[in-house]
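J.: My questions will all concern the structure given below.
No value in this document is a laboratory result; all are computed from the given coordinates. Computed from a predicted model, the values in this text were never measured in an experiment. Neighbour counts are summed over all protein chains in view; Cβ atoms, including those assigned to glycine, are modelled from backbone coordinates with ideal geometry.
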Amino acid sequence: MHRVLFQIGPFTLYSYGLFVAAGFLLSTFLILRDSEKFGISKDNIFDCLITILIGGLIGGRGLFVIINWEYYFYHPLKIFMFYEGGMAIQGGLVVATLSGAAVFRIKKIPFWRTSDLIAPYIALGQSVGRIGCFLNGCCYGRVIEKGIGVTFPQEAVMRVPTQIYSSLALLAIFVILIEIRQKRPFDGYVFTMYLALYSVFRFFMDFLRGDNLAVVSGMRLSQIISIGMLLCAIVIYVVLSSIDKHRRAHGRT
């Protein structure tokens, strides 16, 4: 675990903040590179990405604070220390999607087509960010006695390396989404597949988590959110595929 990469005077570079920023910058570069293939100007999409980033940070931090409200009640200033770690990605996804939908509407950018452009790079950015989680020591796995594990400093137990597994799984989702993006049957298909793949992966991964995840009615809150995301993905798929079939039946594309 290397929470602090280096410190020069008052400046401290945290591994979590560095990798989250690296994931966003890499994804932004690739989205801008591909934007014209989707008929979207780089200037418009860049403005949207900034809004999505802000929404994602607020949503992710907000849900994390809600889950850990007892700690932040006594340490309110810690709420604003994003760089030290502490994000609930599902909250970030919800707020980022709503923020994106709003700014896309204002700028008259097609939401579903743009979502297909962005979706693979959300997974890629998450994959890079999870490396920061590993170095930061957050989102850690449950204790195991044998098998593939990792022992963090100041601990004598071995844990499931959930951060590494998550990073690899998200990288695999990125590859899958890039592959299907070129042959997507309708706008919104890739984004829908991202929601479905991520929600299923996250639901099962949470069984391996060992950190303090909120529990509601015997199930972890993040798993309940994952079920909700999967249901949303199914509904969106059915609606969009029906609209596409109707358009094709009437000779429109």
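J.: I'd like to know how segment 148-223 sits against the 2.2 N^0.38 Å rule of thumb: what's its Cα Rg over that expected value?
T.: Expressed relative to 2.2 N^0.38 Å, the Cα Rg reads 1.41.
J.: Output ³J(HN,Hα) for segment 150-164: one whole-Hz value per residue in order, computed from phi by the Karplus curve 6.51 cos²θ - 1.76 cosθ + 1.60 with θ = phi - 60°, and x for Gly and Pro.
T.: 9, 10, 7, x, 6, 10, 10, 10, 9, 10, 5, x, 4, 5, 5
J.: Right, something else. Expressed as a rounded percentage, what relative contact order does segment 4-249 have, with Cα pairs under 8 Å and six or more residues apart?
T.: Averaging sequence separation for qualifying contacts and normalising by length gives 19 percent for segment 4-249.
J.: Related question: Which whole number of Å³ per residue matches the convex hull of the alpha-carbon atoms in segment 4-249?
T.: Given the Cα convex hull of segment 4-249, per-residue volume reads 152 Å³.
J.: Still on this structure, I have one more. For each pair in Lys78/Lys108; Lys37/Lys108; Lys42/Lys245, compute the distance between the two Cα atoms and list the pairs where it is over 27 Å.
T.: Exceeds cut-off: Lys78/Lys108; Lys42/Lys245.
J.: Just flag the trypsin sites (Lys or Arg not before Pro) in segment 87-172 sitting in loop per DSSP whose Cβ has no more than 16 other Cβ atoms within 10 Å.
T.: Lys107, Lys108, Arg142, Lys146
J.: Let me ask something additional. With each run of n ≥ 4 DSSP H residues scored as -39500 (n - 2.57), what mean residue ellipticity at 222 nm is computed for the chain after dividing by its residue count and rounding to the nearest 500 deg cm²/dmol?
T.: Helices in the chain give a 222 nm mean residue ellipticity of -22000 deg cm²/dmol.
J.: Would you mind computing, in nm to one decimal, how far apart the modelled labels at Ile148 and Leu171 are, each placed 7 Å from Cα along Cα→Cβ?
T.: If labels sit at Ile148 and Leu171, their model points lie 1.1 nm apart.
J.: Turning to a different aspect of this structure: Can you compute 3J(HN,Hα) from phi for each residue in segment 224-238, using the Karplus curve 6.51 cos²θ - 1.76 cosθ + 1.60 with θ = phi - 60°, rounded to whole Hz and x for Gly and Pro?
T.: Listing the rounded values in order: 5, 5, 4, 4, x, 5, 5, 5, 4, 4, 5, 4, 4, 4, 4 Hz.
J.: Show me, for segment 52-67, the HN-Hα J-couplings you get by feeding each phi into the Karplus relation (A = 6.51, B = -1.76, C = 1.60, θ = phi - 60°), rounded to Hz, glycine and proline as x.
T.: So the J values, rounded to whole Hz, are 5, 4, 4, x, x, 5, 5, x, x, 5, x, 5, 4, 5, 4, 5.
J.: What does the charge count near Val160 come to, summing +1 for each Lys or Arg and -1 for each Asp or Glu among other residues with Cβ under 14 Å from its Cβ?
T.: +1
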